[in-house]
Each structure stands twice: as C-alpha cells, then as structure tokens.
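Asker: The following block contains the structure, expressed as structure tokens.
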Amino acid sequence: MDNSTTNPWKILGKQDIYDNAWIKLTEYQVIHPGGGNGIYGKVHFKNKALGIVALDENNNIWLVGQFRFTTNSYSWEIPEGGGDLCKVPLEEAKRELLEETGLVAKHWKPILNMHLSNSVSDEEAIIFLATGLSQQKSSPEPTEQLLVKKLPFEEAYQMCLRGEITDSMSVAALLKIKVLMLEEAL
C-alpha cells in the first residue's frame, strides 16, 4: 500500500455537465487509485461559504431558520451565505450577518476553515465569531424567507447534540465555540 500524499488520480478527460451562476458540475474520466478506469463528478462552487457565530456578552447566539429546498426540510443554522471569491471574506461575512439578522459586530475572529463535502465538491467555508453586537435593520435577499431567533448558546449547542441542527457549517461552528468556551478562550 502506497502511503504517499501525492495525487494518485489520473484524469483522462472531462466534460462540463451543468453550469449556472453558483455552481458548475464536471464529469471526469479517470484512472482511479486502484488502477481501473472510472468516472468522477465534481461540483465547483463559484462562491466561498461563509458562516457567522454571532455571540453577545451574555453568551446568546442568533440562529436563522429557513426551509431548505435541497433537503425538503426546515433548518436552523448560524447566519451563513455565499461570498464573492474576488472579495475579502470578512467583508462578505459582515454583509451576510447584516442582511440576515440586522446585526453589526465590532469584533471579528476567524475560527474555522473547512471543506463542506470534499468527496463531491470543492466548496470551502470560513466561519467567523462576531462579538460586540448592535442591532440594525435586516434586509434578506428576496429568495429568502427567514426566521431569526436569539437564544442562549447552550440551548443551540444542545439542539446540535440532539440532531435538531444538521447543517454542517452550523454543527462545526457550535462544536468549535463549545471547545473554545471550555478552553476559556472566549
């Protein structure tokens, strides 16, 4: 068994299957690591995924609820959205937090970088902690029908543990914040 970290995949050809303003789906003809011929589909995301844990001085957090078309279910999540790849991720995160919750934060800290589903997608995410919050007016996108709720962080964390929050960015962010709290870094 080769334990090398070099790329064992050989690309023989590729075909773009689908392309829109947000994603591109490409099918690759490959020789896989086992040496056989195969195909591999890749979803390329044209935005960076951004998530924000908005935490106030009393350890309250803001969650956003919406019906997700892809899973055909309602989802409670941290504020999140897509950021233009050509723009500074922090500025895009600030815009997203204001749009979805009406919150403005004085202090920002990146807490997590992650790939959301690296077996089929190249989508990258950056999650920020936002503190020093003040309330403004939200302005969600016309395609969004959002509910926003403020609750104690521990309640959101328990929702995550009970499987009531399943969005990968939200789960990862809540777990990361809990670890930081336990380490008394917050």
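Asker: Restricting attention to region 103-137, which residues are among the charged types (D, E, K, R) and touching a strand residue (DSSP E or B) at 6+ places or on another chain (Cβ under 8 Å)?
Answerer: Answer for region 103-137, where residues must be among the charged types (D, E, K, R) and touching a strand residue (DSSP E or B) at 6+ places or on another chain (Cβ under 8 Å): Lys106, Lys109, Asp122, Glu123, Glu124.
Asker: Take residues that are hydrophobic (A, V, I, L, M, F, W, C) and over 30 Å from Leu175 (Cβ atoms) and tell me which of the strands (runs of 3 or more DSSP E) falling wholly in region 1-58 contain 1 or more.
Answerer: Per the criteria, 10-19, 23-31, 37-45.
Asker: Before we move on, is Lys94 over 15 Å from the mean Cα position of the chain (by Cα), farther than 26 Å from Lys42 by Cβ and surrounded by 12 or more Cβ atoms within 10 Å (Cβ to Cβ)?
Answerer: When the stated conditions are applied, Lys94 does not pass them.
Asker: Looking at region 80-117, which of the residues that are of a type in the set (A, V, I, L, M, F, W, C) and within 12 Å of Gly51 (Cβ to Cβ) is modelled with the lowest pLDDT?
Answerer: Per the stated criteria, the residue is Leu116.
Asker: Can you give me the number of residues within region 127-158 that are in a helix (DSSP H, G or I) and surrounded by 18 or more Cβ atoms within 10 Å (Cβ to Cβ)?
Answerer: Final tally of qualifying residues: 2.
Asker: Quick check on region 18-29. Is at least one of its residues at negative phi, among the hydrophobic types (A, V, I, L, M, F, W, C), outside the structural domain of Glu100 (by TED's automatic domain parsing) and crowded, with 17+ Cβ neighbours inside 10 Å?
Answerer: No, every residue in region 18-29 fails to be at negative phi, among the hydrophobic types (A, V, I, L, M, F, W, C), outside the structural domain of Glu100 (by TED's automatic domain parsing) and crowded, with 17+ Cβ neighbours inside 10 Å.
Conditions tested, residue by residue: (1) modelled with pLDDT of 90 or more; (2) within 26 Å of Glu124 (Cβ to Cβ); (3) hydrophobic (A, V, I, L, M, F, W, C).
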residue	(1), (2), (3)
Glu141	no, yes, no
Gln145	no, no, no
Tyr157	yes, yes, no
Gly163	yes, yes, no
Leu174	yes, yes, yes
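Asker: What are the pairs, 6+ residues apart or on separate chains, where a residue within region 17-41 that is farther than 13 Å from Ser121 by Cβ has its Cβ under 6 Å from a residue that is among the hydroxyl-bearing types (Ser, Thr, Tyr)?
Answerer: Tyr28/Tyr40; Val30/Tyr40
The values are calculated or read from the model by the stated rules, or taken from the named source; none is laboratory data. Small disclaimer: the values here were computed from a predicted structure and weren't measured. Glycine also receives a Cβ, built like all others from the backbone with ideal geometry; neighbour counts cover every protein chain displayed.
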